[in-house]
Structure formats: C-alpha cells, structure tokens
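Report on the following structure.
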Amino acid sequence: MKKHNFLAAILFVLPALLIYCFYFVYPIPASAYYSLFRWNGISPQKLYLGFGNWVKLVQDELFWKSLTNNLILVVASIVIQLPMALALGLLVSSQLRGARLFKLLYFIPMMLSAVAIGITWKFIYEPNYGLLNGALRLVGLGGLARGWLGEPRLALAAVIATICWQFIPFYMVIFAAALAGVPQELLEAAYIDGASPAVSFFRITLPLLRNTIRTAAILSLTGSLKYFGLIYVMTEGGPDHATELLATYMYKQAFTGFRMGYGSTVAVFMFLISFLLTVVVLRLGRRETVYA
Amino acid sequence: MKKLYVLLLCCLFLLSAALIFAGGQKGATAEKGKLVVWDVQTTGVLPGILDQTGQEFMKANPGIELEIVHIQNDPFKTKLKVAMGAGTPPDIFHNWGGGPLKEYIDSGMVDTIDEIKSDLLKTYIPASFDPVTFDGKTYGAAYSGLTGVFFFYRKDLFAQYGLTAPKTQGEFISMGDKLKASGVVPITLANKTKWPGSFFYMYLADRYGGANMFLDALYRKPGGSFEAQGYIQAGQALQDLVKRGFFPPGFNGMDEDTGQSRMLIFSKKAGVHLMGNWFVGQATKESPETLDQLDLFPFPSVQGGKGDPSNLIGSPGQNYYSISVTCKNKAKALEYLKTNIMSQAFIEALAGAGYVPPVKGASTYTKDPLMKKVALAFEAAGHVQVYYDQFLPPAMGELHKDLVQSLFGLSITPQEVASRHEQAIIEETKK
C-alpha cells in the first residue's frame, strides 16, 4: 500500500519535476560550463578561456558597481519592505472600520505587471509633467522638483521606492495571513494580565511571527538579488549605470552585447551569492528559534 | 522492487527529455512549402502593407505558404538570438544591418542575396545595401523607408519668438539662448533610451572631423583613432550644450519609447527635436494638429569643422530582410524579396504612408513636403553615416551609448569618452 502511494505520487510529480529539472536545474551547470568560454551565443565555435571570464569579472568595475547596487537594494528591501508590510498587515487584520477596504486597496500593486508599474512610475517621475514634480510645485515645493530617474544620485533611490511599492502588498498579505494564525487566547490572556498593546505585540505577536519573518526575509533577499523587471523598464540600468543590477548587467552582456560566455559568468556568480546568502540567513534564523 | 521503480523513473525521465528535445527541434524553421518571416513592424501602416505582399506572393505561388510574424522590437532581439543559437531561425528575418548582423554572418547563419542583387539594383539606390554588405557580399534587402536624422521644429513657435532655422553652430546657440530666456526648453531629449543622445555625438563628430574620421578609426586605418581631435571637440561641444542648460531637466531619465521627448514639442514647451524622420509618423498619430506646423533643418555646421554640412546620420535602408542558411526554399525566399518587396505598388504604398523608399528618384514619389525634404537631403548628401550603435560590433555599440549618456550627464570628460572608445575598438580587433 505504501509503495503504491509512492508510485502514484511520483507519477503526479513527474511532469512538474521534469519541467523543473529542464528549465531550472539544468541551466545552472550549463551556465557554469558556458562561463568558461568566449562565445557569442550563436556560433558553433566556442573559444575555451578556462577561468578567463572569472578573472575579467573580478577586474570589471561595472560588475562591482552592479553588485554594490544589488546589495543596496537587498538591504533597502528588507529594511523598508518588511516593517512597512508588517505595519500594514497589522492594520488590515485589525478590527478597525474599513480595514477590508484598505486590504483591497493596498493589494492593487500586487495585481499589476512589473512593466505596467514601471511605465506608470516613469510618468510619475517624469520631470516636466510628472505627478511627483507637479505635486511638489502645487504645494510650493517646486524647488525640490528633480529629474528623478535622470540624476545618477537619485535614480537608484527612486527605483527602490517603486520596487517597495510593488512588493509591500505581497508581504502584507503574508503577514496578514500569519497574524490570523496568532492564537487569540494568548492576546486575551495578556490583556487580562494588564499588558499594553505594545507589550503584547512585542512579547507575543512578534515572536510568533518569527518563522514568517524569516521566510519573508529570504524571499525578499533572493528576489532582490535576482531583480530585473522594474529596473529594466524604468532605467535600463542607467543613467551612467547608477541603477545597474547584476541581472540587467548579465542581460546586456549576454543578449545585447553578444557575450554569452561572460553573461553566463555573471549569472553563475548571481546563483552562488544568492545561494550563499540564503544559507547564511537560514542558519542564523535556525539558531535563534531553538528556545522560542 | 524499489530498484524497479527507480529504473522505471529513469526511463520515463529520459523519454520525456527526448520528447522535449524532439519538440524543441521544430522551432521557427518551417517545413518545405512554407516560408516564415519575422519582422518588428507592430504599429502604423507597415504591417498591413507587408501582409499585403504576403497575400500577393501566395496567390502567385500556389503551394507555398508565407507566414509573416510581427514581433515587438525589444522581445524580437532576444527571440531571434535564441532561435539563431538553437539553429532554428525563421527563413527570412528582420535586422538593421551593421554589427549585430555581422555576428550572425560570422556564425554562419546568414545566406547572401547576391543572386538577385543586380535585379534589385534596378530599383534600389546602391547605398541602401551598405549596411548589409560585408567583404563584398550582400546579405539583405531593405523593406521600408530610409531614415535620416534632422532637427525638427514648430514653425509657429519659431515665428512667435522671431527665430529662423540656424545654419551654423553660432546661430544655433543664439537660437537656444533666446528660447531659454523665453522659458522654453531649447532642445528636447529623452536620453534614458541612450540612442537619441548618440545622434548629437555622431553629428558633432561628423561636423568637426569629417565623415572619414569614424571609418578610419573603426577600420584601423593609419592615423585613424577615436581619440582624434574631432572627437574631443565633439565631446566638448556636446557638453557645452548641456552646460548652457539647453536640454530639459532630468533628460537622462526620460524615455524616448514612451514619447517623453516629443510631448514637449507637441505642447510647445520645447524648441527643437533632433530625431529620425519617423518622428513625422509619430506626430501624425499622436498629435495631428502639430503636423502642418512641423518643419526641419539639417544639423548646423561648426566653425573650423572638416565635415561636409550635407552629410547625414541615418540609415539608407533602416529595416532589412535577410535569409537564414536554414531556409529550405531559398529560391522562393529570393523571389519574394525580388518581386514583392519594392514592387511599384509597394513603393507607392510606402510613400503614401509617409516613408521615403530607398529607391531611385524617391523624391518624385513622395508628396508630403517634409518627406520630400528628407528625400532631397539624401540625394544631396555627401555621405550617409549609419548609426554607430547599429554599425559597431554589438558590445562596443552598447559601450558607445553608455559613454555618450555619461558624457551628457557630465560625469565623464570628452577625453575619457574618446579613449574608452579607442580601447574598446582595440579589444574588438584583437578577437
């Protein structure tokens, strides 16, 4: 009976497993292999370079700049997105009037495609007609109006703001779902014992959300490391590479620049760093939960 | 028992994998009796005109199915590259000639069309084959209008401020000062897209250093260099325009593809727009009321420059069809290019839609006064330089656009831009 179940399970899993292996697992060693060659992606001939592409990668200023931007995005995503999402999650799962309406409204960005969001925000940031500059001028702060996506100093921050706007709803929903799982009895007991709402939040709710927070942090971490969509639509990594990320740099090298070998090198690096950081975060999280 | 399952599992896995691979083999290359065409014409009238040629071809060639697939510009580039890499490109594919086409040719994926070139030359202007000719072999034929870059402006705005079309750099700058003083942005530019900014660099380089400066530097002729005096001067003149505040604020983040540059022209907030003549088509669609106020002037000459002011930046063909080596019906594909593209009816349809067909006597076909000006400028041009980013090897073309964007952002000096170009070409020639 047990073996039967196993077979049935395998049969059901198999189609998905095959697709997963072919499209997600196989490309990883394949990219690692391509990273050893100078190759334009089309030609039947590849020039073997050994670790030439890797040496080039380490010396490539633009690569380091992309990596730095990527790390800024990772930190900003976790530091901004998660607390705000948690606050919103608390708001929409509270008993306040209109909480359900807010839940719906805040969820809207999640339902839009990255390209639609990118184009919309491009018009919001547009320096001459844009909503943001228009609003600043309207309230007499016209002096603060900027070419938000056009100035290297501001572009990354402007794009990060949009990315946060896009993803906060996602984490809000995750937190709202987790909050629904916090036992009411505990909170009631705390209330009876005279705990203030702040105390019961920090002593009861937050510790119980630890696993959810860890999952959200990992999703945010890996998502930010691989991030591509909005940046590509809004700035294409510009101006002057101010918003270049590893993924946009990889795409440009591999597809626009016909350097498939070097692009693969960047891709493999992305895989390695995501993998490493995820393992580290998982480890750190596990140690803490021992006595929770 | 367990081993059996594992074995069974492995067999299933292999079978499925084989099926996936077998399925992947098909790709875009069609079976015999079918021709697949990929182009990037998704808006305007061109898709309709092209579909018409397909219908006619199928009527004249029973038993052959011609499928024309219109794909959006940016996804197309990736899609074609993947199809080429997999060895299953479409029979006829769109390209812009220049560096990227050369990559495909060097990889042995593109067939010549030399068999029909003498026939094509009866209608086409010879220059239209320049971007697709390598080592004396021709690999494609233009299928839409030629394009040239000009300064477009509004006659009503110029009249309002008492301006006339400037012919020299000095006149151009005083025009800009006047517009700026009146609160109008002198030159609109959306440079997130990078290539619009490159127009300024290419034109200034041509006006200072002459047409051969680029070709000598690219083909490593004795004395040729991207660090030539003309390039330094071009960079300085470009940054001078930026420092004078002639461009809209935040122009390096504005997007040409969504029209953030031309909106300023349509709303009379900007004076001039350096753009390819496809701008007229965009105006027709987006702001028809502007259309009869539009006029153009060529890029001004500069003091002490070696360039012929009649030289143009543009493409004598712009969009090309090439035949891939995997095409199983090459004779039919050639016939399609020969008889259906640039047929009399096709030329008239193009001209009627505001294109300037790259054919002899193009100015007689076009009735639109602006397009007539474009056609005449081409007939009079001393040299037509194809856009650097399409002409250079692809990786260097990207670098060129990045460098010029930084030049506009004043974060790099003209000397650095020049030497980075020079380093890149040295590296490319090493290959």
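How far is the Cα center of segment A:182-237 from the Cα center of segment B:108-124, in Å?
Each part's Cα centre sits 64 Å from the other's.
Report the Stokes-Einstein translational diffusion coefficient (µm² s⁻¹, integer) for segment A:1-139, Rh taken as the Kirkwood radius over Cα pairs, at 25 °C with viscosity 0.890 mPa s.
Translational diffusion coefficient: 114 µm²/s.
Which residues in segment B:302-325 have a backbone N closer than 17 Å to a point placed 7 Å from the Cα of B:Gln229 along the Cα-to-Cβ line?
Of the residues in segment B:302-325, B:302-308 have backbone N under 17 Å from the label point off B:Gln229.
Taking N as the number of residues in chain A, what is its alpha-carbon radius of gyration divided by 2.2 N^0.38 Å?
Compared with the compact-globule rule of thumb, chain A sits at 1.22.
Which of B:Ser315, B:Ser419, B:Ser411 moves most in a GNM of chain B, Cα contacts under 10 Å?
Of B:Ser315, B:Ser419, B:Ser411, the Gaussian network model singles out B:Ser411 as fluctuating most.
Checking the a/c ratio against 1.5 first, then a/b against b/c, what shape does the Cα gyration tensor give for segment B:218-261? Could the numbers behind the result be given before it?
Working: a/c = 5.53, a/b = 1.93, b/c = 2.87.
Oblate.
Cross-link list B:Lys137/B:Lys330; B:Lys102/B:Lys401; B:Lys180/B:Lys373; A:Lys226/B:Lys194; B:Lys269/B:Lys367: which exceed 21 angstrom alpha carbon to alpha carbon? Show your work: numbers first, answer last.
On the way: B:Lys137/B:Lys330 17 Å; B:Lys102/B:Lys401 19 Å; B:Lys180/B:Lys373 28 Å; A:Lys226/B:Lys194 24 Å; B:Lys269/B:Lys367 29 Å.
Check vs 21 Å cut-off fails for B:Lys180/B:Lys373; A:Lys226/B:Lys194; B:Lys269/B:Lys367.
In whole Hz and in residue order, list the ³J(HN,Hα) couplings for segment A:118-127 that follow from phi through the Karplus curve 6.51 cos²θ - 1.76 cosθ + 1.60, θ = phi - 60°; x for Gly and Pro.
x, 5, 4, 5, 4, 6, 5, 7, 3, x
May I ask you to list the trypsin sites (Lys or Arg not before Pro) in segment B:146-248 that are in a DSSP loop and have at most 15 other Cβ atoms within 10 Å of their Cβ? Mind dumping the intermediate values first?
Values: sites: B:Arg154, B:Lys155, B:Lys167, B:Lys178, B:Lys180, B:Lys192, B:Lys194, B:Arg207, B:Arg220, B:Lys243, B:Arg244; in loops: B:Lys167, B:Lys192, B:Lys194, B:Arg220, B:Arg244.
Answer in residue order: B:Lys167, B:Arg220, B:Arg244.
Give me the tail of P(r) for segment B:352-400 as a percent: Cα-Cα pairs with distance above 16 Å. Please list the in-between numbers first.
Details: 603 of 1176 pairs.
Here the tail beyond 16 Å accounts for 51 percent of pairs.
Determine ³J(HN,Hα), in whole Hz, for all residues of segment B:371-379 in sequence, where each value follows from phi through the Karplus function 6.51 cos²θ - 1.76 cosθ + 1.60 and θ = phi - 60°; x replaces Gly and Pro.
Karplus-based 3J(HN,Hα) across segment B:371-379 equals 5, 4, 4, 4, 4, 5, 4, 5, 5 Hz.
Pick from B:Pro47, B:Pro75, B:Pro249: which is most flexible by mean-square fluctuation in a GNM of chain B where alpha carbon atoms under 10 Å apart are linked?
With Cα springs under 10 Å in chain B, the top fluctuation among B:Pro47, B:Pro75, B:Pro249 is at B:Pro75.
Any idea what Rg and Dmax come out to for segment A:120-234 if you just take the C-alpha atoms, in Å?
Rg, Dmax (Cα atoms, Å): 20.3, 58.
Using amide H atoms built in the peptide plane, which far-off residues or other-chain residues are under 5 Å from A:Lys46 H to H?
Under 5 Å from the amide H of A:Lys46 lies no amide H from a residue far enough along the sequence or on another chain.
Could you do me a favour and compute the accessible area per residue for chain A, 1.4 Å probe, result in Å²?
Values: 16010 Å² over 292 residues.
I get 55 Å² per residue for this part.
Do you know which residues of segment B:36-84 lose at least 40 square angstrom of accessible area in the protein assembly compared with their chain on its own, with a 1.4 angstrom probe?
Output list: B:Thr78, B:Lys81.
Run the numbers on chain A and let me know its relative contact order in percent, using alpha-carbon pairs under 8 Å that are six or more apart.
In percent, rounded to a whole number, it is 28.
When the gyration tensor of segment B:154-197 is built from Cα positions, what are the square roots of 5 times its three eigenvalues, in whole Å, from largest to smallest? Could you put the intermediate results ahead of the total?
Numbers: eigenvalues 86, 32, 21 Å².
Sorted largest first and rounded, they come to 21, 13, 10 Å.
Placing one identical point scatterer on every Cα of segment B:308-431 and ignoring solvent, what is log10 I(q)/I(0) from the Debye formula at q = 0.13 Å⁻¹?
Values, matching the q order: -0.80.
Under a no-solvent Debye model with one identical scatterer per Cα of segment B:59-112, what's log10 I(q)/I(0) at q = 0.29 Å⁻¹?
-1.31
Based on C-alpha coordinates, I'd like the Rg and Dmax of segment A:218-266, in Å.
11.1, 33
Enter the angle in degrees (range 0 to 90, nearest 10) between the Cα long axis of helix B:169-181 and the first principal axis of the Cα atoms of chain B, meaning the one along which they spread out most.
Helix B:169-181 sits at roughly 80 degrees to that axis.
How big a patch of accessible area, both sides summed and in Å² to the nearest 100, lies buried between B and A at a 1.4 Å probe?
On the way: alone 19140 and 17920 Å², together 33230 Å².
Counting both chains, the buried surface is close to 3800 Å².
For segment B:120-244, with only Lys/Arg (+1) and Asp/Glu (-1) charged at the beta-carbon, what is the dipole magnitude about the Cα centre, in debye rounded to 20? Display every interim value, and only then the final one.
On the way: 14 positive and 9 negative charges, 55 e Å.
Dipole magnitude for segment B:120-244 comes out near 260 debye.
Which one, A:Pro207, A:Pro27, B:Phe150, projects farthest toward the positive side of the charge dipole computed for the protein assembly as shown from Cβ point charges (K/R +1, D/E -1)?
A:Pro207
By its C-alpha gyration tensor, with a ≥ b ≥ c as the square roots of the eigenvalues, how is segment A:12-83 shaped: rounded for a/c under 1.5, else prolate for a/b larger than b/c, else oblate? Mind showing how you got there, number by number?
Details: a/c = 3.49, a/b = 1.09, b/c = 3.20.
Cα axes put segment A:12-83 in the oblate bin.
Would you mind getting the Kirkwood hydrodynamic radius of segment B:286-334 from its Cα pairs, rounded to one decimal in Å? Please list the in-between numbers first.
Numbers: mean 1/r = 0.0620 Å⁻¹.
Value: 16.1 Å, from the Cα pair sum.
Would you kindly derive the ³J(HN,Hα) couplings of segment B:42-49 from the backbone phi angles with the Karplus curve 6.51 cos²θ - 1.76 cosθ + 1.60 (θ = phi - 60°), listing them in order in whole Hz, with x for Gly and Pro?
10, 10, x, 9, 4, x, x, 4
Taking the Cα centre as origin and putting +1 on Lys and Arg beta-carbons and -1 on Asp and Glu beta-carbons, what dipole magnitude results for chain A, to the nearest 20 debye? Could you put the intermediate results ahead of the total?
Working: 22 positive and 11 negative charges, 107 e Å.
Result for chain A is approximately 520 debye, rounded to the nearest 20.
Report, by chain and number, residues whose modeled amide H sits under 5 Å from the one on B:Ile125, excluding near sequence neighbours (fewer than 5 apart, same chain).
When sequence neighbours closer than 5 places are left aside, the close amide H contacts are B:Val359, B:Lys360.
Could you tell me which of the pairs B:Lys243/B:Lys430; B:Lys77/B:Lys221; B:Lys79/B:Lys268; B:Lys81/B:Lys192 are separated by over 29 angstrom between their Cα atoms in the structure shown? Present the calculation step by step, with values, prior to reporting the outcome.
Details: B:Lys243/B:Lys430 37 Å; B:Lys77/B:Lys221 32 Å; B:Lys79/B:Lys268 39 Å; B:Lys81/B:Lys192 24 Å.
Among B:Lys243/B:Lys430; B:Lys77/B:Lys221; B:Lys79/B:Lys268; B:Lys81/B:Lys192, the Cα-Cα distance tops 29 Å for B:Lys243/B:Lys430; B:Lys77/B:Lys221; B:Lys79/B:Lys268.
Under the rule of at least 5 residues apart or a separate chain, name every residue whose amide H is placed under 5 Å from the amide H of B:Leu294.
B:Lys155
Show that you can apply the helix-only estimate: for chain B, add -39,500 (n - 2.57) for every DSSP H stretch of four or more residues, divide by all residues, and state [θ] at 222 nm to the nearest 500.
On the way: 19 runs with 207 residues, N = 431.
For chain B, the value works out to -14500 deg cm²/dmol.
Considering chain A as a Gaussian network with a 10 Å cut-off on Cα pairs, which listed residue, A:Arg38, A:Arg153, A:Arg97, attains the greatest mean-square fluctuation?
The residue with the greatest mean-square fluctuation here is A:Arg97.
For segment B:270-372, take the convex hull of the Cα atoms, compute a quarter of its surface area, and give me that in nm², please.
With the hull built on Cα positions only, its mean projection is 10.0 nm².
Taking only protein heavy atoms into account and a 1.4 Å probe, give the accessible area per residue of chain B in Å². If you can, show how the numbers build up before the last one.
Details: 17220 Å² over 431 residues.
Per-residue accessible area for chain B comes out at 40 Å².
Counting only protein heavy atoms and using a 1.4 Å probe, what share of the accessible area of segment A:137-292 belongs to carbon plus sulfur, as a whole percent? It would help to have the intermediate numbers written out before the result.
Details: 5020 of 7500 Å².
Result for segment A:137-292: 67 percent of the exposed heavy-atom area is carbon or sulfur.
Among the residues of segment B:191-212, which ones have their accessible area go down by 20 Å² or more when all the protein chains sit together, as opposed to their chain alone (1.4 Å probe)?
B:Lys192, B:Lys194
Checking the a/c ratio against 1.5 first, then a/b against b/c, what shape does the Cα gyration tensor give for the protein assembly as shown?
Verdict is oblate for the protein assembly as shown.
The values are calculated or read from the model by the stated rules, or taken from the named source; none is laboratory data. The shown structure was predicted, so the numbers you read here are calculated from the model rather than taken from an experiment. FYI the Cβ positions are ideal-geometry reconstructions off the backbone, even for glycines, and counts take in every protein chain you see. Note: areas computed on protein heavy atoms with side chains; ligands, DNA, RNA excluded. Shrake-Rupley method; radii C 1.70, N 1.55, O 1.52, S 1.80 Å.
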